[in-house]
Amino acid sequence: MMRTEMRDVQQENELFLFRKSIQAFAKKELEPDYMKWENDGVIPREVWNKLGDEGLLCVDIPEQYGGLGAPFAFSATVVEEISRLGYATVVVNLSVHSNIVAHYILSSGTEEQKAYYLPKMASGELVGAIAMTEPNAGSDLQGIQTTARWDEDQSSYVLNGSKTFVSNGQLCDFVVVVARTNSEVPASKGTTLFIVDVPTAGLNRGKNLEKIGLQSCDTSELFLEEVTVAESTILGELNKGFITLMNELPRERITLAVGAQGAMEGALEMTVNYVNERTAFGQPISAFQNTRFRIAEMTTEARVHRAFVTECLSLLERGELDTETASMAKLSCTEAQGRITDGCLQLFGGYGYMKEYPIARAYVDARIQRIYGGTSEIMKEIISRGVFGR
């Protein structure tokens with residue numbers, strides 16, 4: 001066996017054991033209270049510490065900064081497995097923290113920023129968030145109006161504006177704020193990222209937003225009024241925040257695709273179990289041709305997407321995953337997740353509409369996947385630009 005093949009087999013064995021440890025953690029720490037968190041509308045802060053203690057945060061961050069230093073495949077396995085088990089809220093909050101914010105800091109932060117924030121993020125001591133979306137600026141970040149002006153007298157930047165749909169906004173200990181630092185040029189050339197610790201004078205959290213799905217997901221408004229931050233809080237380079245954001249988009253979008261893949265496979269698994277147990281007209285529902293054919297169609301669709309996700313993960317590991325391909329994965333997998341969870345719910349009949357059945361939660365949780373991280377329509381625009389060169 002060649003050395004590369006041996007290494008691949010070893011990693012597969014390690015991933016298998018890692019997946020088992022995630023399942024055990026979910027059984028012990030998530031399953032008993034998850035529905036209570038959904039009803040309460042929030043996941044307790046101590047869950048972050050438990051995730052950190054288990055080594056499920058910042059998995060692919062280098063060991064020198066507190067992570068496991070594992071390949072991205074391990075980080076993807078955390079997202080995939082927790083999604084498959086049906087704990088979508090945990091996946092959203094964890095992904096923003098570990099797969100987005102931590103990697104912004106790793107790729108663009110100063111040594112001081114990396115040494116301070118990353119180990120505490122890996123342990124769960126600090127929870128990170130990013131504030132991009134605004135009431136009038138969603139997928140198109142060119143429209144952001146939050147400003148950061150330089151105050152010569154204080155030798156600092158002063159931030160003003162409002163943000164919405166901020167994941168981890170209620171519990172975060174710091175937030176990466178996207179702000180305009182040069183209003184005389186397009187936003188793509190005049191935007192800067194700032195790390196703002198919480199609490200900070202002038203930074204106020206709005207309400208925890210109520211959603212149709214992801215009920216316990218911490219999603220907030222943030223208001224910045226004369227928030228003063230030092231020049232050292234700039235993440236990356238002045239006026240080049242868009243570069244940092246764009247460089248990390250492939251990772252963000254393949255992460256969303258991985259979550260969608262895990263969720264659709266989890267929905268199928270619970271549906272197959274249900275139709276084997278549920279009877280109608282004296283026989284299991286699985287004996288009816290319609291049921292068997294629908295399961296066959298959905299299983300095939302999930303299998304096809306699994307192959308594409310695996311390809312994209314390999315490309316990312318090699319540093320070859322481009323924005324268009326990542327957008328294809330995000331578009332295709334999240335749309336498939338919507339179709340499959342809808343088809344699975346239908347096979348549950350009236351029980352599928354009851355909140356006590358996990359398939360109902362999977363259905364409403366799936367809906368946001370086609371919106372955040374760039375809507376399906378934006379994904380199509382990005383892909384078409386790659387096709388037509390404009």
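The values are calculated or read from the model by the stated rules, or taken from the named source; none is laboratory data. Only a predicted model underlies this, so the values are computations on that prediction, with no experimental measurement involved. Here the Cβ positions follow ideal geometry from the backbone for every residue, glycine too, while neighbour counts run over all protein chains shown.
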On the given criteria, is A137 outside the structural domain of M246 (by TED's automatic domain parsing), at pLDDT below 95 and aliphatic (A, V, I, L, M)? yes
Where residues in region 354-375 are at pLDDT below 95 and among the hydroxyl-bearing types (S, T, Y), which of them is nearest to E31 (Cα to Cα)? Y357
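If you check A122 against the conditions, is it in a helix (DSSP H, G or I), modelled with pLDDT under 95 and crowded, with 19+ Cβ neighbours inside 10 Å?
On the way: in a helix (DSSP H, G or I): yes; modelled with pLDDT under 95: no; crowded, with 19+ Cβ neighbours inside 10 Å: yes.
Taking the combined requirement at face value, the residue does not satisfy it.
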Wholly within region 284-368, helices (runs of 4 or more DSSP H) carrying at least 2 residues that are under 29 Å from A70 (Cα atoms), of a type in the set (F, W, Y) and touching a strand residue (DSSP E or B) at 6+ places or on another chain (Cβ under 9 Å): none
Could you check, for region 296-311, whether at least one of its residues is within 17 Å of the chain's Cα centre (by Cα) and either within 22 Å of I371 (Cβ to Cβ) or crowded, with 16+ Cβ neighbours inside 10 Å (or both)? yes
Is there a residue in region 244-252 that is assigned to a helix (DSSP H, G or I), in the same structural domain as L315 (by TED's automatic domain parsing) and touching a Lys or Arg at 6+ places or on another chain (Cβ under 7 Å)? no
I243 passes all but one of the listed conditions (1) in contact (Cβ under 8 Å) with a residue 40 or more places away in the chain; (2) under 27 Å from L321 (Cβ atoms); the exception is number (1)
Within region 7-52, residues of a type in the set (K, R) and either touching a strand residue (DSSP E or B) at 6+ places or on another chain (Cβ under 8 Å) or surrounded by 12 or more Cβ atoms within 10 Å (Cβ to Cβ) (or both) come out as R19, R45, K50
Kindly indicate which of L235, L245 is more than 25 Å from N39 (Cα to Cα) and at pLDDT 95 or above. L235
Cβ pairs under 9 Å, 6+ apart, first in region 209-221 and within 22 Å of E356 (Cα to Cα) and buried (at least 22 other Cβ atoms within 10 Å of the Cβ), second of a type in the set (F, W, Y) and modelled with pLDDT of 90 or more: S216/Y34; S216/W37
Taking into account only those residues within region 32-45 that are without any contact (Cβ under 8 Å) to a residue 12 or more places away in the chain and not in a helix (DSSP H, G or I), which is nearest to S220 (Cα to Cα)? P44
Close pairs from region 278-295: first under 13 Å from F348 (Cα atoms), partner assigned to a strand (DSSP E or B), Cβ under 8 Å, at least 6 apart: R278/P284; I285/T279
Answer residue from region 104-139, given it is without any contact (Cβ under 8 Å) to a residue 40 or more places away in the chain and acidic (D, E) and is farthest from A179 (Cα to Cα) among those: E111
Can you tell me which of (1) among the acidic types (D, E); (2) part of a loop (DSSP other than H, G, I, E, B); (3) surrounded by fewer than 20 Cβ atoms within 10 Å (Cβ to Cβ) is the one D60 doesn't meet? (3)
